[in-house]
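Report on the following structure.
The values are calculated or read from the model by the stated rules, or taken from the named source; none is laboratory data. Here the structure is a predicted model, which means the values were calculated and not measured. Quick reminder, even Gly has a Cβ in these numbers, built from the backbone with ideal geometry, and neighbours come from all protein chains shown.
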Amino acid sequence: MSKNSLSNDASQFPHVPDAYHVEKMRFQHQNLEKRLQDLSRRATLTPHEEEEMKDIKHQKLQIKDWLTQVGGKEPEEA
């Protein structure tokens with residue numbers, strides 16, 4: 001996993017979200033999108049970078065799904 005990765009710890013996605021957690025997840029989603037864009041601009045990627053892109057896409061989807069479930073506004077793409 002990359003240094004940007006979300007832990008699989010259930011506390012990362014609280015069942016009863018508050019405004020802080022919703023905003024925290026939206027901010028995390030934005031940071032992941034920025035990293036994904038940085039990697040996408042490269043002509044070639046190392047195997048590690050390819051794996052990082054895969055992990056980032058999965059993490060972004062997890063966050064988006066969580067925000068949708070809790071009624072938080074979906075994150076906007078950067």
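Which numbered condition trips up Ser2, out of (1) modelled with pLDDT of 85 or more; (2) surrounded by 11 or more Cβ atoms within 10 Å (Cβ to Cβ)? Just one mismatch for Ser2, condition (1). Taken over the range 32-74, the residue count meeting the criterion of being outside any helix (DSSP H, G or I) and at pLDDT 90 or above is 6. Considering His21, His29, the condition of being surrounded by 14 or more Cβ atoms within 10 Å (Cβ to Cβ), in a helix (DSSP H, G or I) and at pLDDT below 90 is satisfied by His21 alone.
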